[in-house]
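Peer 1: The structure follows.
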Amino acid sequence: MRGEPYAKFNVKAFKPTHIRAIVDQRAATPARANHILRLFRILFAYAIDIGWLNSDPTQGIKRLRMKEKGVEAWTEEQIRQYEDHWQIGTRQRLAFAILLYTGQRRSDVVEIGPKALQGDTLRIRQIKTGADLVIPIHPALAEAIVATGPHEETYLRTERGEKWSSNGFYNQFVKWCAAAGVPPGCSPHGLRKAAARRLAEAGCSTHQIASITGHATLAEIERYTKSAQQAKLAEDAIRALQKSQKG
């Protein structure tokens, strides 16, 4: 079956060894492999329901383990480095400010424009979740928007003045990052994580952070909050120790 379109085969022809091979071939991209496994499970569950199969060949096939950390959040040093290179008034800085001060995914960032403005807030409907968000505009974001205006349908446009696709914007943003000298791996999603980290470090609760980022579950946000709390507690502990030693 290797290399052949799966649709060419009868569902009765699939064996656990075939499914395992398909998953293993995509071990370098575990999220993709797990997605394909999930689709196969849906397919075979339906085949069982209509009487085509008596058992599910994906039974016992385990999902591949995902990297625990995933994309790294930008550090404050990396944020300063990018901002030092791309000054206010450039579209590179505007893209950066929208990512950092809204905490949105790139698929949503490329859709944000003047129509989203309502007073001093941005009204956003997330493409992935369908969540409706009202996000106050940070002064740094407002400055970047004004400095690069006037704007058309969306704030972010290509050099030809066209609207960015999500993937096209990602590829271009990576090049802007390279030009600024930030390390490889610094990505739009890393800025989304940096936005959540900053909110956590400012003492925001998980629910407050989710009201900005639009996360459907709080598990990921809780990791940022826990990390920020640990850093603050450790700082307080060392200060207490220094104070006691001086005494």
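Peer 1: Does residue 109 meet the test of being at pLDDT below 95 and in contact with a Ser or Thr (Cβ under 8 Å, 6 or more places away or on another chain)? Steps first, answer last, please.
Peer 2: Values: at pLDDT below 95: no; in contact with a Ser or Thr (Cβ under 8 Å, 6 or more places away or on another chain): yes.
Criteria not met by residue 109.
Peer 1: I'm trying to understand the selection: among the residues of region 40-59, which are of a type in the set (D, E, K, R) and either open to solvent by 90 Å² or more (accessible area, probe 1.4 Å) or part of a helix (DSSP H, G or I) (or both)?
Peer 2: 41, 49
Peer 1: Further, regarding this structure: What's the number of the only condition in (1) more than 20 Å from residue 74 (Cα to Cα); (2) open to solvent by less than 60 Å² (accessible area, probe 1.4 Å); (3) out of contact with any strand residue (DSSP E or B) (no Cβ under 7 Å at 6 or more places or on another chain) that residue 133 fails to meet?
Peer 2: Result: residue 133 fails condition (3) only.
Peer 1: If you go through region 11-39, how many residues are open to solvent by less than 60 Å² (accessible area, probe 1.4 Å), among the β-branched types (Val, Ile, Thr) and closer than 29 Å to residue 71 by Cβ?
Peer 2: 4
Peer 1: Still on this structure, I have one more. Check off (1) touching a residue at least 40 places away in the same chain (Cβ under 8 Å); (2) closer than 16 Å to residue 92 by Cα; (3) not in a loop (DSSP other than H, G, I, E, B) for residue 174 and give me the number that stays unchecked.
Peer 2: (1)
Peer 1: Test each condition in (1) buried (at least 17 other Cβ atoms within 10 Å of the Cβ); (2) closer than 25 Å to residue 115 by Cα; (3) modelled with pLDDT under 95 for residue 199 and report the one that comes out false.
Peer 2: Among (1) buried (at least 17 other Cβ atoms within 10 Å of the Cβ); (2) closer than 25 Å to residue 115 by Cα; (3) modelled with pLDDT under 95, residue 199 violates only (2).
Peer 1: Taking the stated definitions as given, is residue 211 touching a residue at least 60 places away in the same chain (Cβ under 8 Å), within 17 Å of residue 135 (Cβ to Cβ), open to solvent by 30 Å² or more (accessible area, probe 1.4 Å) and not aliphatic (A, V, I, L, M)?
Peer 2: Numbers: touching a residue at least 60 places away in the same chain (Cβ under 8 Å): yes; within 17 Å of residue 135 (Cβ to Cβ): yes; open to solvent by 30 Å² or more (accessible area, probe 1.4 Å): yes; not aliphatic (A, V, I, L, M): yes.
Yes: the conditions hold for residue 211.
Peer 1: Right, next: When residue 211 is evaluated against the numbered criteria (1) in a helix (DSSP H, G or I); (2) closer than 25 Å to residue 93 by Cβ; (3) in contact with a strand residue (DSSP E or B) (Cβ under 9 Å, 6 or more places away or on another chain), which criterion, by number, is the only one it fails?
Peer 2: (2)
Peer 1: Out of the residues in region 136-177 that are exposed (fewer than 13 other Cβ atoms within 10 Å of the Cβ) and under 19 Å from the mean Cα position of the chain (by Cα), which is nearest to residue 217 (Cα to Cα)?
Peer 2: 167
Peer 1: Against the condition under 16 Å from residue 196 (Cβ atoms) and either free of Cβ contacts under 8 Å to residues at least 24 places away in the same chain or open to solvent by less than 70 Å² (accessible area, probe 1.4 Å) (or both), how does residue 88 come out, does it pass? Talk me through it step by step, then tell me what you get.
Peer 2: Details: under 16 Å from residue 196 (Cβ atoms): no; either free of Cβ contacts under 8 Å to residues at least 24 places away in the same chain or open to solvent by less than 70 Å² (accessible area, probe 1.4 Å) (or both): yes.
So residue 88 does not fit the description; no.
Peer 1: Quick check: is even one residue across region 73-92 outside any strand (DSSP E or B) and under 30 Å from residue 26 (Cα atoms)? Lay out the reasoning, then the answer.
Peer 2: Quick first cut of region 73-92, residues outside any strand (DSSP E or B) only: 73-92.
Restricting the remaining residues to those that are under 30 Å from residue 26 (Cα atoms) gives 73-74.
Yes, the conditions are met somewhere in region 73-92.
Peer 1: Next up: List the number of the failed condition for residue 182; all other conditions in (1) assigned to a loop (DSSP other than H, G, I, E, B); (2) surrounded by fewer than 17 Cβ atoms within 10 Å (Cβ to Cβ); (3) among the aliphatic types (A, V, I, L, M) hold.
Peer 2: It fails just one condition, (2).
The values are calculated or read from the model by the stated rules, or taken from the named source; none is laboratory data. Keep in mind that what you see is a predicted model, and the values were worked out from it rather than measured. Virtual Cβ from ideal backbone geometry, glycine too; neighbours counted across all protein chains shown. Ligands, DNA and RNA are stripped out before the accessible areas are found, and what is left, the full protein with its side chains, is counted by its heavy atoms. Shrake-Rupley method; radii C 1.70, N 1.55, O 1.52, S 1.80 Å.
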